[in-house]
Amino acid sequence: MTPQMGISGPTSAGPTPSLDRIEELGIIGAGGGGFPTAVKFKAQVPLFIANAAECEPLLHKDKELLHHYAEPFLRGMTMAMQLVGAREGVIGIKEKYQEIIAALDAKVPANIRVEPLPDCYPAGDEFILVHMVTGRVIPPGGLPKDVGATVSNVETLMNIGLDRPVTHKYLTVAGAVAHPVTLRVPVGITIGEVIEAAGGAAVPDFGVLLGGVMMARPAANLDVPVTKTTGGIIVLPAEHALIRRHNAPWMHIAKIGRSACDQCRFCTEFCPRYLLGHPIEPHMAMRSLGFSQPGDLTVATLYCCECNLCTMFACPEDLDPKNVCVQGKPIARERGLTWKGTPDSIQPHPMAEFRRVPMRRLIAKLGLGEFVNEGPLTEYKFAPRKVTIPLKQHAGAPAVPQVKCGDWVRAGELIAAPEAGKLGARIHASIDGRVTVGKDAVVIEA
Ligand code: SF4
Ligand code: SF4
């Protein structure tokens with residue numbers, strides 16, 4: 001199948017900003033975490049940062065949205081700034097996107113500026129982004145509001161500006177596919193159907209990583225549904241090192257790590273959170289493997305953002321310090337090993353600026369150089385016979401179905417809502433059809 005070319009722009013009159021409306025539309029952080037946006041915007045801060053620093057290799061969704069849909073994005077950002085009381089807005093975007101920066105510069109109001117960022121990984125991590133924009137360090141375990149800022153992803157802000165229920169997701173399909181593209185996809189469609197829309201896999205045996213190659217989770221099969229937070233679908237040959245690494249079992253990781261780590265510290269010296277001055281030293285987590293359990297020697301594991309740079313880029317022995325940190329987190333939590341310092345005591349490493357990992361080096365190291373590093377936004381008419389819409393696509397508790405088996409719904413109708421008093425988000429039908437309600441998902445058959 002060849003994607004149909006040409007983009008029809010979404011339109012909307014200027015809606016009135018309101019947290020109730022954002023909640024009603026089911027808007028959550030589209031950048032990965034899925035935190036309910038109306039809850040986040042309750043904090044009053046002087047600075048609002050739009051996170052357009054998309055830094056996962058091969059992903060282009062945010063850049064494409066800014067290129068095609070700058071108006072609803074800026075409308076949403078202005079509304080968000082009013083809601084959080086921000087006087088100043090910053091759009092953090094990679095400096096390599098000169099054309100988009102120039103177009104935004106011509107459109108932004110006086111209280112919003114465009115901040116060009118270096119093309120490095122992980123520029124899109126909130127802590128790194130806030131530091132690059134403000135020079136301030138969010139304390140370990142803290143939030144941007146602790147330094148007077150709120151951060152939101154481009155697509156989240158565009159959804160606010162569009163003022164319509166979130167029924168579709170924009171994502172990039174990349175890697176070993178016939179046509180790497182960015183698509184607008186109904187929530188609940190299978191990743192297999194989306195890969196077909198990108199022309200299908202270019203190799204017979206392949207694996208799929210969801211979200212990006214660095215912070216990815218491997219897809220169990222092609223029936224996995226797209227959710228409101230799926231930002232990328234990366235197809236790679238089954239024998240690609242990234243597929244093997246993301247599927248490595250923990251026992252193997254621990255066994256090899258215990259015997260092969262030479263304590264060279266490269267993982268720590270490249271760790272972006274360590275370089276920010278946070279108490280995180282992955283080589284210490286590795287050392288703890290040799291004694292008993294990960295987490296025994298250090299509180300560091302708690303403050304790992306799981307960017308995977310230590311594992312995928314830094315370690316010369318192909319070990320997996322990131323996963324050792326991840327395994328150590330619950331142990332550190334159980335033992336109450338939290339950071340007890342004061343924000344004033346945090347000092348970024350003097351070499352931090354010079355140890356940023358350039359995207360081109362990362363792409364080469366990951367063995368992704370052979371794939372097309374583009375994802376033009378392309379219109380494709382999806383007509384799924386069925387969508388499976390998970391009740392948990394967001395931070396907090398699963399949503400409670402508001403429909404019953406046999407009901408007919410139209411696209412955009414409410415099908416699930418948060419339980420009273422619990423953190424969660426509303427969910428809407430992405431297609432017209434008849435409903436079946438399961439334990440974890442609402443299925444709609446067209
Ligand atoms: S970089 Fe690798 S070998 Fe060096 S300390 Fe870290 S885990 Fe051990
Ligand atoms: S994954 Fe590794 S590099 Fe990234 S924050 Fe955690 S320890 Fe640091």
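The values are calculated or read from the model by the stated rules, or taken from the named source; none is laboratory data. Computed from a predicted structure; not experimentally measured. Positions of Cβ are generated from backbone atoms using ideal geometry, with glycine treated the same way; all protein chains shown enter the neighbour counts.
Show the residue pairs meeting these rules: Cβ distance below 7 Å; 6+ apart or different chains; first residue within region 252-268 and part of a helix (DSSP H, G or I); second residue away from ligand 2 (no atom under 16 Å from the Cβ).
What qualifies is Arg258/Gly290.
Evaluate region 284-305: report whether one residue or more is charged (D, E, K, R), part of a loop (DSSP other than H, G, I, E, B), touching a residue at least 60 places away in the same chain (Cβ under 8 Å) and more than 9 Å from ligand 2 (Cβ to nearest atom).
Among the residues of region 284-305, not one is charged (D, E, K, R), part of a loop (DSSP other than H, G, I, E, B), touching a residue at least 60 places away in the same chain (Cβ under 8 Å) and more than 9 Å from ligand 2 (Cβ to nearest atom), which makes the answer no.
Restricting to region 318-330, and then to whatever is of a type outside the set (D, E, K, R) and more than 16 Å from Gly290 (Cα to Cα), can you tell me which residue is modelled with the highest pLDDT?
Result: Val326.
Go through the residues of region 73-90 one by one and say whether even a single one is over 20 Å from Pro144 (Cβ atoms), in contact with a helix residue (DSSP H, G or I) (Cβ under 9 Å, 6 or more places away or on another chain), free of Cβ contacts under 8 Å to residues at least 40 places away in the same chain and not polar (S, T, N, Q).
The answer is no, given that none of the residues of region 73-90 is over 20 Å from Pro144 (Cβ atoms), in contact with a helix residue (DSSP H, G or I) (Cβ under 9 Å, 6 or more places away or on another chain), free of Cβ contacts under 8 Å to residues at least 40 places away in the same chain and not polar (S, T, N, Q).
Would you point out which residue out of Pro218, Pro272 is touching a helix residue (DSSP H, G or I) at 6+ places or on another chain (Cβ under 6 Å), surrounded by fewer than 22 Cβ atoms within 10 Å (Cβ to Cβ) and not hydroxyl-bearing (Ser, Thr, Tyr)?
None of the other options fit; the residue is Pro218.
Across region 311-334, which residue is farthest from Asn247 (Cα to Cα) among those that are within 12 Å of ligand 2 (Cβ to nearest atom) and outside any helix (DSSP H, G or I)?
Selected residue: Cys315.
Restricting the first residue to region 129-150 and requiring it to be under 18 Å from Ile112 (Cα atoms), which pairs with a second residue that is of a type in the set (Lys, Arg) and modelled with pLDDT of 95 or more meet a Cβ separation below 7 Å and a spacing of at least six or different chains?
Listed pairs, sorted by first residue: Val130/Arg136; Thr150/Lys40.
Can you name every one of the helices (runs of 4 or more DSSP H) wholly within region 116-227 that holds 1 or more residues which are farther than 30 Å from Thr311 by Cα and in contact with a Leu (Cβ under 9 Å, 6 or more places away or on another chain)?
Once the helices (runs of 4 or more DSSP H) in region 116-227 are filtered for at least 1 residues that are farther than 30 Å from Thr311 by Cα and in contact with a Leu (Cβ under 9 Å, 6 or more places away or on another chain), what remains is 154-162, 191-197.
Can you tell me how many residues within region 242-251 are touching a Leu at 6+ places or on another chain (Cβ under 8 Å) and either away from ligand 2 (no atom under 16 Å from the Cβ) or not in a helix (DSSP H, G or I) (or both)?
Looking only at that region, the number is 1.
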